[in-house]
Amino acid sequence: MAKATLTLLLLLLSFASEILVMVNGQQKTWCVAKPSTDQATLLANLNFACSHVDCRILQGGCPCSSPDNLMNHASIAMNLYYQAKGRNQWNCDFRCSALIVMTNPSYGDCIYA
């Protein structure tokens with residue numbers, strides 16, 4: 001019984017360590033668009049964020065240019081803004097169209113800051 005409990009505990013700890021990334025003693029978080037966000041809002045969020053931060057990572061041929069869709073590009077731009085402005089809750093509001101997540105949304109060669 002003790003061995004099974006220990007195995008389960010180790011399994012849970014290894015799972016948790018993959019999800020929770022610590023930066024300077026704080027849990028790392030990212031900002032992404034809510035899946036239910038309409039296209040017009042995503043475009044507005046993309047334009048707003050990219051008017052305040054460098055969004056060259058979204059240009060064709062760059063690691064985060066694919067998939068080439070508004071949800072992906074808006075999420076990356078919104079996260080760039082959120083990270084640059086200090087990872088405060090109010091920097092990931094985007095008129096209630098964003099979520100703060102604790103699971104790293106990076107994929108392939110596209111690394112979320």
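Taking the range 63-113 as the search range and keeping residues that are β-branched (Val, Ile, Thr) and open to solvent by 60 Å² or more (accessible area, probe 1.4 Å), which one is nearest to LYS28 (Cα to Cα)? Only one residue tops the list, namely THR103.
Listed by position, the helices (runs of 4 or more DSSP H) contained in the range 1-86 that have at least 3 residues being under 15 Å from PRO105 (Cα atoms) and at pLDDT 95 or above are 70-84.
Close contacts from the range 88-105, counting a first residue that is among the β-branched types (Val, Ile, Thr) and a second that is in a loop (DSSP other than H, G, I, E, B) and open to solvent by less than 30 Å² (accessible area, probe 1.4 Å), with Cβ to Cβ under 6 Å and a gap of 6+ residues or different chains, come to ILE100/THR29.
The values are calculated or read from the model by the stated rules, or taken from the named source; none is laboratory data. Keep in mind it's a predicted model, so treat the numbers as computed, not measured. Backbone-built Cβ (ideal geometry, glycine too); neighbour counts: all protein chains shown. Please note that ligands, DNA and RNA were not included when accessible areas were found on the heavy atoms of the full protein model with its side chains. Shrake-Rupley method; radii C 1.70, N 1.55, O 1.52, S 1.80 Å.
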